[in-house]
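Enquirer: Take a look at this one; I'll ask things after.
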Amino acid sequence: MDGDLVLDDLDLDLVSALQEAPRAPINALAEAVGSSPSTVGRRMQRLHAERLLRVIGQLDWTLISDTHPRHVWITTAPGRLQDVARKLAELPEAQYVAMTTGRADVYCTVRPLGREAVKDLLTQRIPSVPGVVSTQSDLVLKPFGRAEAWRVDRLAADQRAVLAAHRIDPQEVVEPQALSEQEREATRLLHADARLTSSDLSRALGVSQSTAHRLIAGLLERQVVRPRVEIEPALLGFPLEVALSLSTEPGSTEVVGRALGRHPSARYVSMVAGNATVIHQGVFRGEEHLADFLSADLAALPGIRSVEVSVVLDVLRRYWITRSGTRLGRADFPFDRS
C-alpha cells in the first residue's frame, strides 16, 4: 500500500455501496451509507482525484474478438523480471500483468483480437520480449466467476434495499449485435466512466437527452457495458493476492470451478485447457486467511488432484488499467484495436 494511505469506514461503506449499484445516484448512495449527499459527493471526488477509485464499464469482448483469453505464465532471466513485466504491460492485448512467485515469474491474462492473432502473440511477440526464458499458456474455456461480482460485504440488508432499484443484475446472455457508430462512441465513454448520465452523454455526443438515455439503457440492457468498481483490493483490506492453478478429476472440474466462483475470495475463476484445469485468482486478508482457505475450504472440494500457488508481488495492469501501488493510471480502450 502507498505509505500510510487508508480508507475510513465511510469510504469503505461507499465502495461497498458502489459495488452493489455502480450507477446509483449520490442521494441513494448517501442514504445507504448513512451520510449526506454533499459529504458522499466530496468523498467520491477525492477518491477519483487521488486515483484510488473509478467506476468503469466492462465491455462485451465478443464484440471485439472471436477467441477466448489465455493465461500466460512466463519465466524470466535472472535480474530481468521487472523489465519483462513492464514490457508485457505495454502489450495492447494484456488485460492483466503481475509479477509473481511460484509457477512463474510473470503471470498475465491476454485477450487476442482474433484467432488468427493467437499464434503470433503466443509464439513470437511474447517470447521475443528481452529477458523472457520460457512461456506456458492456458486457454480459458469458460468463466465461473468475474471480477465485477467481487464484493466487500459491509452493507446490511436494509442498506442494500435502498440500492435495490439501482442495481443492474446480470441477465441471460443474448446474441451480440454489431454496434452503430453512435453506440460505439457511447460505449467508449461509458467504458471510461460508467456513471455517465444521459445529460453528460448528450453533451459529449451532441444528441438529445432522450437519445442519450436510450443509448445508455440499450447498452446496459444488452450487457455491451457492465458497470464495475475499479479499486485495488489492498485498499479494502485484502493485500494478499494469489493465482491458484488446480488440476482436477475430469468429472469434478465443473463442481470445483462453480464452488470457487462463489467463494468470497474469488476475483476471476475460469476453466482452462492446459497444464491446469481451473485457475482461481483470489484476494485474501493475509497469510492466515490464505492458509485457512487452502487447508479448509479448498480441501473440502472433491476431485482436486493438485494445487500450485503463485503469490502476486505486484500488479502492473488490471483490466487494461495500469497500476502503481494502489493508484490507478492510464486506461486503454480495447475497441481502439479492432
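Enquirer: Exactly one condition in (1) surrounded by fewer than 20 Cβ atoms within 10 Å (Cβ to Cβ); (2) closer than 30 Å to E20 by Cβ is false for F144; which is it?
Expert: Single failed check for F144: (1).
Enquirer: Another question, if that's okay. Among the candidates L190, L235, L201, L219, which residue alone is part of a helix (DSSP H, G or I), under 20 Å from S16 (Cα atoms), of a type in the set (A, V, I, L, M, F, W, C) and open to solvent by less than 20 Å² (accessible area, probe 1.4 Å)?
Expert: Result of the check over L190, L235, L201, L219: L235.
Enquirer: Oh, and also: Search region 85-110 for residues that are closer than 22 Å to N275 by Cα and among the charged types (D, E, K, R) and pair each with any residue that is assigned to a helix (DSSP H, G or I) and open to solvent by 20 Å² or more (accessible area, probe 1.4 Å) when their beta-carbon atoms are under 7 Å apart and the residues are at least 6 apart or on different chains.
Expert: D105/L81
Enquirer: Checking D153 against (1) surrounded by fewer than 16 Cβ atoms within 10 Å (Cβ to Cβ); (2) at pLDDT 95 or above; (3) in contact with a Pro (Cβ under 8 Å, 6 or more places away or on another chain); (4) not β-branched (V, I, T): exactly one of these is not met. Which one?
Expert: Every listed condition holds for D153 apart from (2).
Enquirer: Something else: Looking at region 204-216, which of the residues that are open to solvent by less than 40 Å² (accessible area, probe 1.4 Å) and assigned to a helix (DSSP H, G or I) is nearest to L53 (Cα to Cα)?
Expert: In the first step, residues of region 204-216 are kept if they are open to solvent by less than 40 Å² (accessible area, probe 1.4 Å); the result is 207, 211-212, 215-216.
Right, trim to assigned to a helix (DSSP H, G or I) and you get 211-212, 215-216.
Values: T211: 29, A212: 25, L215: 25, I216: 22 Å.
Restricting to residues being open to solvent by less than 40 Å² (accessible area, probe 1.4 Å) and assigned to a helix (DSSP H, G or I), the top hit is I216.
Enquirer: So which residues in region 88-106 are closer than 18 Å to V242 by Cα and in a loop (DSSP other than H, G, I, E, B), if there are any at all?
Expert: G102, R103, A104, D105
Enquirer: Count, please, the residues in region 252-265 that happen to be closer than 23 Å to L52 by Cβ and buried (at least 18 other Cβ atoms within 10 Å of the Cβ).
Expert: Counting residues in region 252-265 that are closer than 23 Å to L52 by Cβ and buried (at least 18 other Cβ atoms within 10 Å of the Cβ) gives 1.
Enquirer: With D314, D297 as the choices, which residue is touching a His at 6+ places or on another chain (Cβ under 7 Å) and open to solvent by 40 Å² or more (accessible area, probe 1.4 Å)? Quick ask: steps written out before the conclusion?
Expert: Values: D314 fails: touching a His at 6+ places or on another chain (Cβ under 7 Å).
D297 is the lone residue from the list that is touching a His at 6+ places or on another chain (Cβ under 7 Å) and open to solvent by 40 Å² or more (accessible area, probe 1.4 Å).
Enquirer: Can you name every residue in region 238-251 that is assigned to a strand (DSSP E or B), among the small types (G, A, S) and surrounded by fewer than 19 Cβ atoms within 10 Å (Cβ to Cβ)?
Expert: The answer is S247, and nothing else.
Enquirer: While we're on this one: Search region 5-33 for residues that are free of Cβ contacts under 8 Å to residues at least 40 places away in the same chain and pair each with any residue that is open to solvent by less than 10 Å² (accessible area, probe 1.4 Å) when their beta-carbon atoms are under 6 Å apart and the residues are at least 6 apart or on different chains.
Expert: That search, which allows pairs on different chains as well, returns I26/V40; A30/V40.
Enquirer: Which residue, of S270, S265, is within 26 Å of T62 (Cβ to Cβ), in contact with a Leu (Cβ under 9 Å, 6 or more places away or on another chain) and of a type in the set (S, T, N, Q)?
Expert: Just one listed residue meets the conditions, S270.
Enquirer: May I pose another question? Just a yes or no: is a residue in region 37-59 crowded, with 21+ Cβ neighbours inside 10 Å, more than 21 Å from R267 (Cβ to Cβ) and not acidic (D, E)?
Expert: Within region 37-59, one or more residues are crowded, with 21+ Cβ neighbours inside 10 Å, more than 21 Å from R267 (Cβ to Cβ) and not acidic (D, E).
Enquirer: Of the residues L163, L122, L179, which single one is outside any loop (DSSP other than H, G, I, E, B) and either more than 20 Å from L53 (Cα to Cα) or at pLDDT below 95 (or both)? Can you show your working first?
Expert: Working: L163 fails: either more than 20 Å from L53 (Cα to Cα) or at pLDDT below 95 (or both); L179 fails: outside any loop (DSSP other than H, G, I, E, B).
Result: L122 is the single residue among L163, L122, L179 that is outside any loop (DSSP other than H, G, I, E, B) and either more than 20 Å from L53 (Cα to Cα) or at pLDDT below 95 (or both).
Enquirer: Would you check which residues across region 82-117 are open to solvent by 30 Å² or more (accessible area, probe 1.4 Å), in contact with a strand residue (DSSP E or B) (Cβ under 6 Å, 6 or more places away or on another chain) and farther than 17 Å from L63 by Cβ and list them?
Expert: T101, G102, R103, D105
Enquirer: Please find, among V307, V229, the residue that is in a strand (DSSP E or B), open to solvent by 40 Å² or more (accessible area, probe 1.4 Å) and of a type in the set (A, V, I, L, M, F, W, C).
Expert: V307
Enquirer: If you don't mind, another one. Quick one: would you say D66 is out of contact with any strand residue (DSSP E or B) (no Cβ under 7 Å at 6 or more places or on another chain), acidic (D, E) and within 28 Å of L246 (Cβ to Cβ)? Give the derivation first.
Expert: On the way: out of contact with any strand residue (DSSP E or B) (no Cβ under 7 Å at 6 or more places or on another chain): yes; acidic (D, E): yes; within 28 Å of L246 (Cβ to Cβ): yes.
Yes; evaluated as a whole, the condition is true for this residue.
The values are calculated or read from the model by the stated rules, or taken from the named source; none is laboratory data. These figures come from a predicted structure and were not determined experimentally. Please note: Cβ atoms are built from the backbone with ideal geometry, for glycine as well, and neighbour counts cover all protein chains shown. Side chains included, ligands, DNA and RNA excluded: accessible areas come from the protein's heavy atoms. Shrake-Rupley method; radii C 1.70, N 1.55, O 1.52, S 1.80 Å.
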